[in-house]
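The values are calculated or read from the model by the stated rules, or taken from the named source; none is laboratory data. None of the values given here were measured: they were computed from a predicted structure. Methodologically, a virtual Cβ is constructed for each residue, glycine included, from the backbone with ideal geometry; neighbour enumeration extends over all protein chains shown.
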């Protein structure tokens, strides 16, 4: 039996608004100044960003976790090698579209940051395959 679950990346609204404002302003300026070569280049950058937003996800297939972000990231991790998953707000570059992230520790000294929208479902799916994984949640502020 093939087990497959897909988890979309959480996307921070502030990030979308910021990108729309920056690129919207720049595209408007370039179009009004009729700088078409730069306009097309900037539009291409926008298309690339949209592609990343639409194609950043985390997929569990049998006993492996695939971390995908457009055509830039396509990592495969054996779930049995995951030792710990902890919530973090680390701003390091990663295949995550939100600052509400989790860090996955696996292998000897490897880690990767991701931001699944359904964190509790993601934790459950990982634990069902590897019950030894330690889950460290941030304390909630009152």
Checklist entry - Filtering the stretch 131-142 down to residues that are in contact with a strand residue (DSSP E or B) (Cβ under 7 Å, 6 or more places away or on another chain) and either surrounded by fewer than 18 Cβ atoms within 10 Å (Cβ to Cβ) or part of a helix (DSSP H, G or I) (or both), which residue is modelled with the lowest pLDDT? => result 138
Next on the checklist: Take the residues in the stretch 107-130 that are touching a residue at least 40 places away in the same chain (Cβ under 8 Å) and part of a loop (DSSP other than H, G, I, E, B); name whichever of them is farthest from residue 58 (Cα to Cα).
Outcome noted: 130
